[in-house]
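The values are calculated or read from the model by the stated rules, or taken from the named source; none is laboratory data. Treat the numbers as computed from the prediction; the structure is a model and nothing was measured. Cβ placement follows ideal geometry from the backbone for every residue including glycine, while neighbour counts extend to all protein chains displayed. Surface accessibility is based on the protein's heavy atoms, side chains included, excluding ligands, DNA and RNA. Shrake-Rupley method; radii C 1.70, N 1.55, O 1.52, S 1.80 Å.
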Amino acid sequence: SHFDSASQARLAASSLLSSLHASSPAMQAGQYTGNEFKDVKPSGPSSAAKAGLFCFFVLTRALHPTIIDASKTINAETGKRGIAYSNMSVVLGECVFTLIAAQLMALAFGGMKEWRMILEPKSLKVFSAIGFMYALGDYLEMASMGALSGAAYQVLLQSKLVITALMLWYIKGAKQAGLQWNLLVLIMLSMCVYMIGGSKSGSGGGGIPIMGVLNVLLKVTVSCLCAVLSDKYMKDFKSLPFYVQLAQLKVVWTLTILVISFADGTTWQQGFFNGWTPAACGVFSSFIVKCWSTMAILSLLDSVLKNIGEASAVLVIYFMNVCLPMFPDKFEVPSFLAVMVVILSVTAYVGAKSVCEKAALYDKMKK
């Protein structure tokens, strides 16, 4: 009967509790000691691994624009520093290298069966569209770096927080708290202060390069969209190995850069390797490291660490520009303070997110 079944269930539960109490002195005392789950291993990377990945992320984000800036030479006619080699030659070289390397990895780890996954129509169509946008981002990055210093470029990249907030507000209706909007405005104003101070200090080349700034803002907009789409569809197609996804991204990515290289009037007309120096080879290597680390390592870091890492890279770049002999920059207190304001504004905004979410939850519970 129903009564007998309920009695049996109570007896079974009682015997289970008795066995637990008998096996644990802490349970007998009715106390939780914190050792009950000591044998449970945490998922994901350890704290030491996360710290190492964070440092590597900051280093790659700092070295990439610094190496591009260091590859510039002084034009004998204008007396200004600029990129002597073709912008697209290093980007196209990285795309071809990565496309070949990803295919070789597929063949090495899974044979022809895994290599054929690259041609899978459904995922290839999605990653081709994302790869096209990544190619536009690479073009805008090199166009902006031709006119800006590495530090100025990295400072302006922090505008992604503002652009992301506006995108989320428009697309998802996700509103920011008043405190968050104030911090976003502070970030924008601190970037303006740094750019104006840099243009007056003499390291900016005699004024703010408007086209360089616009190219960075366009680059940030494209990158924000790419990051959202990549995160979504790499999870949707997680059955595909990472290197297969990367190969699919690079198919249209490479073709787009190839078309741009024929249209820019310098890459093939002056010779693909014209102007290549050891510094230009460093830019080529930097693009490779950036591509692979962006696609692989960033999935292991949460968004808070990513944003703090991007902001920390600003300070690393600033000190590189001041200390390394190939840069004309000198240490100046106003510039240093402007950099610190940018970094602290970004970290304050990132930290305010959890506080505002908890406050909104508390207000909702009171109602």
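Modelled spin labels at Met211 and Leu179, positioned 7 Å past Cα toward Cβ, are 4.4 nm from each other. Take the Cα radius of gyration of region 133-189 and divide it by 2.2 N^0.38 Å, N being the number of residues; the result is 1.36.
Taking every Cα-Cα distance in region 259-367 and sorting them into 10 Å bins starting at zero, the pair-distance distribution P(r) comes out as 11, 22, 27, 24, 10, 5, 1 percent.
About its Cα centre, the dipole of region 95-154 is roughly 280 debye, where the only charges are +1 on Lys and Arg Cβ and -1 on Asp and Glu Cβ. Distance between the modelled labels on Thr73 and Lys50, one decimal in nanometres: 4.7 nm (7 Å Cα→Cβ projection).
Ranked highest first by average number of other Cβ atoms within 10 Å, how do 102-108, 152-158, 314-320 line up? Show your work: numbers first, answer last.
Details: 102-108: 17.3, 152-158: 25.7, 314-320: 21.7.
Highest-to-lowest ranking by the protection proxy: 152-158, 314-320, 102-108.
Taking 0.36 nm per residue of sequence separation and removing the Cα-Cα distance, the Glu120/Ala348 pair yields an extension gain of 77.7 nm. Here is the list for region 245-287: chymotrypsin sites (Phe, Trp or Tyr not before Pro) lying in DSSP coil, each with at most 13 other C-beta atoms within 10 angstrom of its C-beta, are Phe273. When Leu168, Leu92 are compared by accessible area at a 1.4 angstrom probe, the order from most to least is Leu168, Leu92. When Cys226, Cys323 are compared by accessible area of protein heavy atoms, the largest-first order is Cys323, Cys226, using a 1.4 Å probe.
Thinking of region 84-232 as a set of Cα atoms, what percent of all their pairs are more than 26 Å apart? Provide the component values of the computation, followed by the final result.
Details: 4736 of 11026 pairs.
Result for the distance tail: 43 percent.
For Lys353, the lysines whose Cα falls under 19 Å of its own Cα, not counting residues fewer than eight places away in the same chain, are Lys160, Lys172, Lys175, Lys306, Lys364.
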